[in-house]
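For reference, the structure discussed in these notes is given below.
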Amino acid sequence: MPKRAVTDLIRKLKRHSVISGDDERLLEKTLRPRVVAVPRSTDIVCQGDHPIQAVFVLSGMLARYHMLDDGRRQYLSVHIAGDWPDLQSLFLKSMDHSLMSVDKAEIAAFLHDDVRAVLKASPAVTFAMWRQTLMDAAILRQAIANNGLRSSIERVAHVFCEQCVRARDAELTDDHSCSFPLTQDQIAGLLGLSLVSINRAVQKVRRAGAAELRSGRLVVHDWEALRTLARFDDRYLHLGLVGRR
């Protein structure tokens, strides 16, 4: 299982960066991940923690969120297999947000000391991991623009588009559908909308024949209609950095 986790990590880095055979062997030799099965709705890292490891997603969905003192929760992003949502913890003193499982998930926990050893030994891997965090930040910037500028139906359609494209790139789609286990309350927390607004927007997307949520999955019926509703442009995902497309 730990070997598979390193293999999945290498595969992810090679999707956007050039990783040599020597770099692969370095990663396989140095990284000693601990693979953990996580039940749904479980906090993995909590706001204020001082983690000594970084979490890589092997399966399922995780979400980052920030909690106010009065208990209100803002979801910041969602993460699927191949994502490394808290790599920034490698250089920060404490977590300014929490990381939780949305559904049943499997994660690999990479010790910070092991990751730092790899970074010191390989500039190419350092650049690849840096690029990984920059791509993650680009998605977060788009989420800020989405919540600040778009209407409720545009926000819902946009997050549907993003999830579909990212799942397809990670080879996690099945017959025009992908996993989307968020509840409507969680979608509301992600998009900064009321539960009533989310319900109306989801129904409008469905009635437009574009997409619908069905038993924890996002089913896309008409991609062009969904993309048009969202005004979606996937360039911010930076999927073709090493000429894959």
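The values are calculated or read from the model by the stated rules, or taken from the named source; none is laboratory data. Not measured: the values here are computed from a predicted model. With ideal geometry, Cβ positions are generated from the backbone for all residues, glycine too; neighbour counts draw on all protein chains shown.
Worth a mention:
- Residue match in the range 227-245 (condition: farther than 28 Å from residue 17 by Cα, touching a Ser or Thr at 6+ places or on another chain (Cβ under 8 Å) and without any contact (Cβ under 8 Å) to a residue 60 or more places away in the chain): no
- One residue stands out among those in the range 1-41 that are surrounded by 15 or more Cβ atoms within 10 Å (Cβ to Cβ) and of a type in the set (Ser, Thr, Tyr): the one that is modelled with the highest pLDDT, which is 30.
- Subset of the range 15-33 [among the hydrophobic types (A, V, I, L, M, F, W, C) and assigned to a loop (DSSP other than H, G, I, E, B)]: 18, 19, 31
- Of all the listed residues (206, 235, 231, 200), the sole one being closer than 25 Å to residue 82 by Cβ and either of a type outside the set (Phe, Trp, Tyr) or in contact with a helix residue (DSSP H, G or I) (Cβ under 6 Å, 6 or more places away or on another chain) (or both) is 235.
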